[in-house]
Amino acid sequence: MTRLLISLGSNINPTYFLERAAFQLRLLDGVTSVRFSRVLRSPPVGTRGPEFLNAAALVEYEGEVSAADLALPLTGIEARLGRVRTEDKNAARTIDLDLVMIEGHEPQGTDLVTYAFVSAPCAELAPEWTIPGDGRTIKEISMDHDHSGLTTEDLELNEDEIFDPEYEELVRKMLAHLGEDPDRQGLEKTPLRVAKAMRYLTRGYHQDVKEVINQAMFESDAEDMVLLRNIEFYSMCEHHLLPFYGKAHVAYIPDGHVIGLSKLARITDVFSRRLQIQERLTNQIADSLMESLEPKGVAVAMEGVHLCMLMRGVEKQTSSMVTSAVRGSFRTDARTRAEFMGFIYHE
């Protein structure tokens, strides 16, 4: 496990963009938990522009993560939220996401030891982390700073408090339309729960395959098939907003590069966590691998159970849908295609 601190800052519609950035940080590949500090208001540095809202995030990653691993995911969030970098380093911005420090490593840059709006929120989350080569803890660094320009903002970024008012209101209206009372005890928090659930179930819209792969692509002289079988997937039918789920089998034949095995499962998850039809989902996984890895060939097979058929319509309880997509050598070579099919159905 790797723990690290990330600073967040915004002075363009800051409430909106801090909440969106907080949401997208939780969706980063490999993140197991995120905890946020209170939000602080601070004057801009080196300019007369609008005031900033600042916060820090304590992020836990599974496995080992380096500063280089985080560069693309963080700039990706900034780009999706409209951050435009110019020669003016003090220009107003929708969002600033900076890696402050990985636990046990030296800080990135000098912001932590220079600015109270960085050290104060970080000290809330990791007060006892010691700065290598400095000897001080983050709490001690923060105590050495002047906090007179900082004020606490009434904004909560932690997960239990973040919500989507517009979406919740739509859920309330739906419940009322069904003849229910949205304010009764059992349904009082249902709009909030549904909003959070739908964010999770459709988190693939906020993920990018390039960020998922990141630096997990390696040179290799391997020439034989690489196959990951029985990848569990869960998706939502775009026609009825009902779940469909099952198993995916993903294979490729390398052409100079291989990819970390877990990434095949994560790429499947990126596209399945959207409103989908199984045919398109299968093709998107295959096309994404062909584009990012440039292998000799890719094959994807998926078997799914669709609740829109089990719970409504024809109500066929034992039916399942099988789709496949083949690219490159899997399409042109029948023996390679047959080998793939033999592997996935061999127990």
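Readers should treat all values here as calculations from the given coordinates under stated rules, not as data from a laboratory. None of these values were measured; they are calculated from a predicted model. Every residue, glycine as well, gets a Cβ built from its backbone with ideal geometry; the counts of neighbours run over all protein chains shown.
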I need the full set of residues from the range 182-206 which are surrounded by 15 or more Cβ atoms within 10 Å (Cβ to Cβ) and aliphatic (A, V, I, L, M), in order please.
187, 192, 194, 195, 198, 201
Subset of the range 83-103 that is part of a loop (DSSP other than H, G, I, E, B) and touching a residue at least 60 places away in the same chain (Cβ under 8 Å) - its residue that is nearest to the chain's Cα centre (by Cα):
95
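Does residue 303 satisfy the criteria of being over 24 Å from the mean Cα position of the chain (by Cα), surrounded by fewer than 19 Cβ atoms within 10 Å (Cβ to Cβ) and under 15 Å from residue 245 (Cα atoms)?
It is true that residue 303 is over 24 Å from the mean Cα position of the chain (by Cα), surrounded by fewer than 19 Cβ atoms within 10 Å (Cβ to Cβ) and under 15 Å from residue 245 (Cα atoms).
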Please state which one of 18, 58, 74 is in contact with a Ser or Thr (Cβ under 7 Å, 6 or more places away or on another chain) and on the phi < 0 side of the Ramachandran plot.
18
Filtered residues of the range 68-81 (kept if surrounded by 13 or more Cβ atoms within 10 Å (Cβ to Cβ), of a type in the set (A, V, I, L, M) and assigned to a helix (DSSP H, G or I)):
70, 71, 72, 74, 77, 79
Which of (1) over 30 Å from residue 319 (Cα atoms); (2) surrounded by 19 or more Cβ atoms within 10 Å (Cβ to Cβ); (3) under 18 Å from the mean Cα position of the chain (by Cα) does residue 253 not meet, given it meets every other one?
(3)
Filter the range 210-231 for residues that are part of a strand (DSSP E or B) and free of Cβ contacts under 8 Å to residues at least 60 places away in the same chain; the one that is surrounded by the most Cβ atoms within 10 Å (Cβ to Cβ) is 231
What is the number of the single condition among (1) crowded, with 21+ Cβ neighbours inside 10 Å; (2) outside any loop (DSSP other than H, G, I, E, B); (3) without any contact (Cβ under 8 Å) to a residue 60 or more places away in the chain that residue 234 does not meet?
(1)
With (1) more than 29 Å from residue 206 (Cβ to Cβ); (2) aliphatic (A, V, I, L, M); (3) touching a strand residue (DSSP E or B) at 6+ places or on another chain (Cβ under 9 Å) as the list, and residue 338 as the residue in question, which single condition is left unmet?
(3)
For the range 257-330, which fully contained helices (runs of 4 or more DSSP H) count at least 3 residues that are more than 25 Å from residue 222 (Cβ to Cβ) and touching a strand residue (DSSP E or B) at 6+ places or on another chain (Cβ under 8 Å)?
278-293
So which residues in the range 306-339 are surrounded by 16 or more Cβ atoms within 10 Å (Cβ to Cβ) and over 34 Å from the mean Cα position of the chain (by Cα), if there are any at all?
336, 339
Odd one out for residue 24 among (1) under 25 Å from residue 129 (Cβ atoms); (2) touching an Asp or Glu at 6+ places or on another chain (Cβ under 8 Å); (3) touching a residue at least 40 places away in the same chain (Cβ under 8 Å):
(2)
